[in-house]
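Some notes on the structure that comes next.
Only the coordinates and a few stated rules stand behind these numbers; no lab work does. Note that the coordinates shown come from a computational prediction; the quantities given were computed from them, not determined experimentally. So basically every Cβ, Gly included, is an ideal-geometry build from the backbone, and we count neighbours across all protein chains shown.
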Amino acid sequence: MSEQPNIKVTIDNITIEVAPGTTILEAARQIGGEVAPPTMCYYSKLKGSGGKCRTCLVEVNKGSEKDPRPMPKLVASCRTGVMDGMEVKSMTSEKVIDARKGVTEFLLLNHPLDCPVCDQAGECHLQDLSYENGAATTRYEYDRRTFEPEDIGPHIQLHMNRCIMCFRCVFTADQLTETREHGILDRGDHAKISTCISKALDNDFIGNVIDVCPVGALTDKTFRFKNRVWFTKPVDAHRNCSNPKCCGEARLWMRGEEVYRVTARKDEWGEVATASNGQTGWICDECRFEKKQTSDWTIEGPTKVNRHSVIAQGHYQGKVGTATQPILIDEVIGKRPKLTLDIHKVSEVNKPEIHLSEIEGPAHSDDFK
Amino acid sequence: MKLLLENAHIEGIRYYEAYRKNGGYRSVEKALKMTPEEIVEEVKKSGLRGRGGAGFPTGMKWSFLAKPEGVPRHLVCNADESEPGTFKDRYLMEFLPHLLIEGLIVSSFALGSNATYIYIRGEYAWIPDILEQAIAEAKNNGWLGKNIQGSGFDCEIYVQRGGGAYICGEETALIESLEGKRGNPRIKPPFPAIAGLWMRPTVVNNVETLAAVVPIINMGGEEYGKLGVGRSTGTKLMSACGNLNKPGVYEIPFDLTVEEFIFSDEYCGGIPNGKRLKACIPGGSSVPILPTNLLLKDSQGNARQMNYESLSEGGFATGSMLGSGGFIVLDEDQCVVRHTMSLAHFYNHESCGQCSPCREGTGWMYKILKSIEYGKGRMEDIDLLWDIQRRIEGNTICPLGDAAAWPVAAAIRHFRDEFEWHVLNPEESQTRNFGLAHYAEPREVVAV
């Protein structure tokens with residue numbers, strides 16, 4: 001079979017050559033940066049995902065070289081293939097920005113404002129999305145939708161109220177595990193992730209649903225309320241896992257010497273990264289939930305953090321990692337906003353020279369004396 | 001001229017003997033002597049447009065069907081008629097089941113479908129029995145099964161009941177449901193013509209469309225194409241309901257004016273109790289509502305006719321759609337806010353929950369409409385409603401999002417003063433209706 005030539009696609013006035021069959025979203029990700037539309041449901045490692053959340057809508061103002069008509073509606077970039085000569089507008093289209101704002105508002109309508117107690121806060125894709133595209137206040141003034149809590153086992157906590165119905169966890173269970181025990185029940189705005197009979201999810205790879213969940217709907221029970229993610233230090237590590245499907249390469253979220261949480265390694269799009277053996281770096285439940293000692297792991301070094309700014313904040317600046325220096329405010333808008341209150345002037349507790357990540361164990365008021 | 005309901009009045013037409021005696025299955029005899037391509041060509045010539053709502057040319061849809069070697073193809077009859085106000089297919093299947101079966105056999109032959117499915121709405125609990133009896137009768141007389149009438153063509157028709165979900169009327173959701181899965185619309189492309197039922201090439205057609213294939217074959221595509229107006233060819237079944245003296249299913253020629261359809265004795269017989277006409281939804285609940293002045297005359301001042309082009313004249317600013325033919329008439333005593341609220345409730349209930357704008361937006365619109373209807377609304381709620389519908393429309397996977405957005409948009413576009421009156425007179429609006437106001441007078445068209 002002869003290799004098909006690459007095709008040209010222009011996204012936000014940047015032209016790139018991609019392989020035929022690439023989706024607009026993947027092409028935009030190859031360009032990178034702000035051009036790549038946000039995604040809440042699409043997951044490149046899961047077959048069949050995408051198309052549902054509608055945050056990745058883009059405008060196609062030229063279909064292809066052969067058929068230059070624009071597409072009549074905004075299209076979901078994650079499920080639309082590129083054509084030769086296609087011209088796409090993502091960041092540069094007002095229609096797209098407006099639709100994205102609309103979708104963000106819809107996603108936040110029934111999402112509880114419980115970020116302060118949510119374990120996902122700091123690495124939540126919905127937080128990022130609403131920070132970039134959301135409004136300051138909600139226009140929704142009715143009761144939020146709530147669900148009866150459901151226990152799905154000793155390792156995974158299901159918070160259905162936070163779910164945005166991305167279907168990723170269902171695809172994960174379908175494609176990674178032997179049996180799928182949960183699915184979507186009901187219809188419309190009362191559709192929910194459930195096992196129907198409150199059965200524990202019992203499968204050696206089911207923990208990966210925590211990693212794919214874009215919000216705090218599925219969180220790690222062994223990490224629940226233990227720490228905020230931005231207080232922990234991500235460290236890459238590996239171990240010889242006996243499970244043949246498990247790549248054994250993980251990320252430990254540590255504080256001092258203690259391993260608080262183990263997750264799969266993630267790439268810059270927040271997806272599980274490709275492991276060194278070339279396969280997707282899913283990890284088994286044993287690695288995730290039971291190996292919480294540093295002695296279980298071979299430490300490789302601190303993780304390079306570059307996407308989730310909250311985690312990069314403070315910890316690595318000038319020390320390790322690749323967190324880039326934020327562009328100076330002066331350069332951007334020409335003037336520095338007035339600091340109305342410097343917390344260190346009024347608080348005895350929060351001393352700038354004491355670094356939380358350097359304290360062993362949980363912080364205590366004694367540490368600040 | 002009646003093509004579909006010509007024999008509907010004959011006693012026992014539901015059964016094979018009477019149906020056959022009155023010229024039934026003639027089209028199958030004729031079609032089996034033609035080649036499948038010739039039948040598709042006849043349907044193309046006839047200009048038949050899909051009767052399910054979108055009005056897509058059927059012949060073109062058929063010619064899109066992929067025909068890879070060795071892969072079975074399927075024809076699926078969409079009998080999941082769940083649109084509020086539409087009940088024409090029910091009438092057809094209940095009283096003329098053999099007409100549908102006949103159309104299905106001809107279409108199956110044209111498309112090369114050896115296993116054809118009728119996906120019927122779950123609430124039509126009694127109709128599968130009628131259809132299955134008709135299928136058994138057809139089979140006993142050699143019109144179905146192996147080697148139909150010695151032509152070498154095999155075809156079986158299976159009836160599958162749905163669970164009663166509106167969303168399963170969307171063709172890809174229907175296919176999912178038929179496969180035994182959750183009835184969620186698929187993301188297109190691929191279209192069913194390439195990968196439909198069990199990822200095989202599939203054509204999904206409405207009941208009335210398939211029934212219309214019978215007169216097309218009997219009289220020839222060209223003859224059929226001469227009936228009607230412009231690109232609206234043939235006849236259309238309308239299910240008229242609401243404030244009418246004679247609600248029911250009517251077969252109409254496309255040059256009939258809306259005024260004649262509502263007020264003539266041959267058709268709906270006018271509005272009962274001497275009331276006046278306030279508004280009408282001409283094509284099933286999901287198409288925009290029109291006030292009287294825009295319903296009877298289009299923006300050019302011509303009398304509006306019951307066809308695809310005339311009803312959609314002027315786009316959504318002044319027009320609507322023929323849709324699936326569910327003709328809902330509101331008299332002066334009806335409240336447009338309440339009416340819109342109940343439609344919004346329907347779409348909220350029937351949203352599949354797959355994509356966010358429809359899942360969250362429909363419920364939000366319903367809640368706002370409810371608060372306006374019950375005297376708790378504010379002026380900015382009306383603008384908010386407009387904003388929500390604007391962000392749902394066109395941004396969803398399937399047309400249900402559009403169907404939920406259009407009625408709300410049209411109600412605000414044409415009846416904004418009634419919404420405002422509800423907001424300004426919260427107490428009075430609980431005890432009386434807004435009435436006709438000035439809808440008899442043409443209003444300035446506001447560009448959208």
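Remark: region A:292-299, residue by residue, has Karplus-estimated 3J(HN,Hα) of 10, 10, 5, 5, 6, 10, 9, 6 Hz, where x stands for each Gly or Pro and the curve is 6.51 cos²θ - 1.76 cosθ + 1.60 at θ = phi - 60°. Close amide H contacts of residue A:86 (hydrogens built in the peptide plane, cut-off under 5 Å, sequence separation of 5 or more or a different chain): A:10, A:65.
Around the amide H of residue B:114, modelled in the peptide plane, lie the amide H atoms of B:73, all under 5 Å away and 5 or more residues distant in sequence or on another chain. Between the Cα long axis of helix B:336-350 and the first principal axis of chain B there is an angle of about 50°, rounded to the nearest 10. Here the Karplus relation 6.51 cos²θ - 1.76 cosθ + 1.60, evaluated at θ = phi - 60°, turns the backbone of region A:262-273 into coupling constants of 10, 10, 6, 7, 10, 8, 5, 9, x, 9, 4, 6 Hz, with x for every Gly and Pro. Mean partner shielding of peptide B:182-191, defined as the number of other chain Cβ atoms within 10 Å of each residue Cβ, is 3. Expressed to the nearest 5 percent, the antiparallel share of DSSP beta bridges inside chain A is 90 percent. For region B:197-286, trypsin sites (Lys or Arg not before Pro) are listed when DSSP marks them as loop and at most 15 other Cβ atoms sit within 10 Å of their Cβ; the list is B:231, B:275, B:276. Projecting the Cα positions of B:357, B:410, B:384 onto the charge dipole of region B:336-431 (unit charges on Cβ atoms of Lys, Arg, Asp and Glu, taken about the Cα centre) puts B:357 furthest along the positive direction.
Taking the Cβ-Cβ separation of residue B:125 and residue A:132 as r and a Förster radius of 60 Å, what is the calculated FRET efficiency to the nearest 0.05?
So, using R0 = 60 Å, E works out to roughly 0.75.
Per residue, the convex hull spanned by the alpha carbons of region B:16-226 comes to 115 Å³. Phi angles of region B:355-367 translate, via the Karplus equation with coefficients 6.51, -1.76, 1.60 and θ = phi - 60°, into HN-Hα couplings of 10, 5, x, 6, 4, 8, x, 5, x, 5, 4, 4, 5 Hz per residue; Gly and Pro are given as x.
Under a 5 Å amide H cut-off, with hydrogens placed 1.01 Å from N, residue B:352 pairs with A:188 among residues at least 5 apart or on other chains.
Sparsely packed loop sites in region A:1-73 (the trypsin sites (Lys or Arg not before Pro) outside DSSP H, G, I, E and B with at most 11 other Cβ atoms within 10 Å) comprise A:47, A:66.
Over the protein assembly as shown, dividing the summed -39,500 (n - 2.57) contributions of all DSSP H runs of at least 4 residues by the number of residues returns a 222 nm mean residue ellipticity of -8500 deg cm²/dmol.
Rounded to 0.05, the FRET efficiency of the residue A:69 and residue B:21 pair, given R0 = 45 Å and the Cβ-Cβ distance, is 0.30. Taking the longest Cα principal axis of chain B as reference, the axis of helix B:97-111 is set at about 70 degrees. Placing pseudo-labels 7 Å out from each Cα toward the beta carbon at residue B:60 and residue B:154 gives an inter-label distance of 3.6 nm. Across the cross-link table entries B:88/B:370; A:101/A:304; A:89/A:266; B:67/B:139; B:146/B:236; A:89/B:188, which are compared at the Cα atoms, the separations over 25 Å belong to B:88/B:370; A:101/A:304; A:89/A:266; B:67/B:139; B:146/B:236. Placing unit charges on the Cβ atoms only, positive for Lys and Arg and negative for Asp and Glu, gives region B:1-92 a dipole magnitude near 180 debye about its Cα centre. Please report the antiparallel percentage of DSSP beta bridges with both residues in chain B, rounded to the nearest 5. If we restrict to bridges inside chain B, about 45 percent are antiparallel. Look at the stretch A:183-195: the mean tally of other chain Cβ atoms within 10 Å of its residues' Cβ atoms is 5.
Projected onto their three principal axes, the Cα atoms of region B:232-331 cover extents of 33, 28, 24 Å, largest first.
What is region A:136-194 by shape, rounded, prolate or oblate, if you read a ≥ b ≥ c off the alpha carbon gyration tensor as root eigenvalues and call it rounded for a/c under 1.5, prolate for a/b larger than b/c, and oblate otherwise?
prolate
All C-alpha to C-alpha distances of chain B, sorted into 10 Å bins beginning at zero, yield P(r) values of 4, 21, 30, 25, 13, 5, 1, 0 percent in whole numbers. Placing unit charges on the Cβ atoms of the charged side chains and taking the dipole of chain A about its Cα centre, the candidate lying farthest along the positive direction among A:217, A:263, A:16 is A:16. Loop-located GluC sites (Glu not before Pro) in region B:400-434 (DSSP state other than H, G, I, E, B) with a sparse environment of at most 10 neighbouring Cβ atoms within 10 Å: B:427. Could you tell me whether region B:312-359 comes out rounded, prolate or oblate from its Cα gyration tensor? Rule is a ≥ b ≥ c as square roots of the eigenvalues, rounded for a/c under 1.5, then prolate if a/b exceeds b/c, otherwise oblate. Since a/c reaches 1.5 but b/c is at least a/b, the shape of region B:312-359 is classed as oblate. Compactness check for the protein assembly as shown: Cα Rg over 2.2 N^0.38 Å is 1.08. For residue B:376, give me every one of the aspartates and glutamates with a C-alpha distance below 20 angstrom, ignoring sequence neighbours fewer than eight places off in its own chain. Partners found: A:141, A:143, B:387, B:417, B:418, B:420, B:427, B:428. Take the Cβ atoms of residue B:300 and residue B:273, set R0 to 35 Å, and the FRET efficiency comes out at 0.60. Relative protection proxy for B:327-334, B:248-255, from highest mean packing down: B:327-334, B:248-255 (other beta-carbon atoms within 10 angstrom).
Counting only DSSP beta bridges with both residues in the protein assembly as shown, the antiparallel share comes to about 70 percent.
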